[in-house]
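First the structure, in the form of structure tokens, and then the observations on it.
The values are calculated or read from the model by the stated rules, or taken from the named source; none is laboratory data. Treat the numbers as computed from the prediction; the structure is a model and nothing was measured. Cβ atoms come from the backbone with ideal geometry, glycine included; neighbour counts cover every protein chain shown.
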Amino acid sequence: MPSSLHPATHEMRTYPLLRAVRHTPLVRSLVFPSPFPSFRPGRFLMLWLPGHGEKPFSVSAFSAEETEITFKAVGPFTRALMDVPPGTRLGLRGPFGNGFDPRPGALLVAGGIGIPPIRHLAAELEAAGRPFRAVVAAATAADLLFRGDFDRWGAAYATEDGSFGFRGNPIPLAEAAIRRAPPSVLCACGPAPMLLALRDLARRHSIPLQLSFERYMKCGIGLCGSCAVDGSGICLCREGPVLDDAALDRATDLHLPPRGPDGGRPPRP
């Protein structure tokens, strides 16, 4: 039974913002008292900002005492969240969705703002004493979030501009890691083109997959259909955001631009 500290998934309760860290001009982490007794890596919570509504966020770090989210300012909601001061009470509910299944021998690949949930997964694997390897990619060196943690885990790095690590995308680094020693599973979060390239790579080498995709979400519980994946009947808020091989085989729209708030897709460039 949920306690007064740990509400049921559907219940929205407010918690004080304990502290915040600004990583870049557009990326910030927020730390709250842990509202949940546990939080599987890759699942998400719904955060309510008074006057702005509610949005889904992945977790970048979790303990029994504190829960951290890390986000990038990309719209009105997240831009407003960049300026919320410590002490402000924000609403949280969750956890929602399907997360990663942490396995020893995994290869973790993170790209851009997909780095935070992979950091959570890596920390869980480390705490359980399960070996893993990591590849982390971003546009520039400044965008490689949580470098201290990933350095400790021996990660390989790629940047689009070559300012740190391999110049280019993370796919060649992932392929080199697979050729050195096939992993038990490939877990990844990041831009859709990166995830689809990793899907093709893993299938060429018969590596099981767990890929976390992003979609616009409204309800968070599979009722509104905003995050539905064509061809599958899957709602990413419920059966995702992490999809395994069986779910990926059923999806037919992963190569298309995600739907927006009105349910339509943006025109292709």
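Under the condition of being within 14 Å of residue 158 (Cβ to Cβ) and aliphatic (A, V, I, L, M), which residue from segment 176-195 is farthest from the chain's Cα centre (by Cα)? Selected residue: 176.
For segment 167-183, does any single residue satisfy the condition of being assigned to a loop (DSSP other than H, G, I, E, B) and under 13 Å from residue 110 (Cβ atoms)? The answer is yes; a qualifying residue exists. Within 26 Å of residue 216 (Cβ to Cβ) and surrounded by 14 or more Cβ atoms within 10 Å (Cβ to Cβ): is that true of residue 175 in this structure? Criteria not met by residue 175.
Within the set 59, 31, 21, the sole residue that is without any contact (Cβ under 8 Å) to a residue 24 or more places away in the chain and in contact with a Ser or Thr (Cβ under 9 Å, 6 or more places away or on another chain) turns out to be 21. Any chance you could count how many residues in segment 200-253 are within 17 Å of the chain's Cα centre (by Cα) and among the hydroxyl-bearing types (Ser, Thr, Tyr)? Going through segment 200-253 one residue at a time, the tally reaches 2. Output the residue which, of all residues in segment 100-136 that are in a loop (DSSP other than H, G, I, E, B) and not charged (D, E, K, R), is nearest to residue 72 (Cα to Cα). Per the criteria, the residue is 100. The residues of segment 226-250 that are modelled with pLDDT of 80 or more and assigned to a loop (DSSP other than H, G, I, E, B), listed by number, are 236, 237, 238, 239.
Of all residues in segment 188-202, those satisfying the criterion of being out of contact with any His (no Cβ under 7 Å at 6 or more places or on another chain) and touching a residue at least 40 places away in the same chain (Cβ under 8 Å) are 188, 189, 190, 191, 192, 194, 195, 198, 199. From the list 142, 128, 122, 138, the one residue that fits, being closer than 16 Å to residue 194 by Cα, modelled with pLDDT of 95 or more and either touching a helix residue (DSSP H, G or I) at 6+ places or on another chain (Cβ under 7 Å) or aliphatic (A, V, I, L, M) (or both), is 138. I'd like the residue in segment 195-213 that is touching a Leu at 6+ places or on another chain (Cβ under 8 Å) and part of a loop (DSSP other than H, G, I, E, B) and, out of all such residues, is surrounded by the fewest Cβ atoms within 10 Å (Cβ to Cβ). Per the criteria, the residue is 208.
Any residue that is hydroxyl-bearing (Ser, Thr, Tyr), part of a loop (DSSP other than H, G, I, E, B) and within 30 Å of residue 180 (Cα to Cα) - is there at least one of those in segment 140-158? Checking segment 140-158: at least one residue is hydroxyl-bearing (Ser, Thr, Tyr), part of a loop (DSSP other than H, G, I, E, B) and within 30 Å of residue 180 (Cα to Cα). Tell me which residues, restricted to segment 182-192, are out of contact with any strand residue (DSSP E or B) (no Cβ under 8 Å at 6 or more places or on another chain) and either modelled with pLDDT of 95 or more or β-branched (Val, Ile, Thr) (or both). Listed by number, the list holds a single entry, 182.
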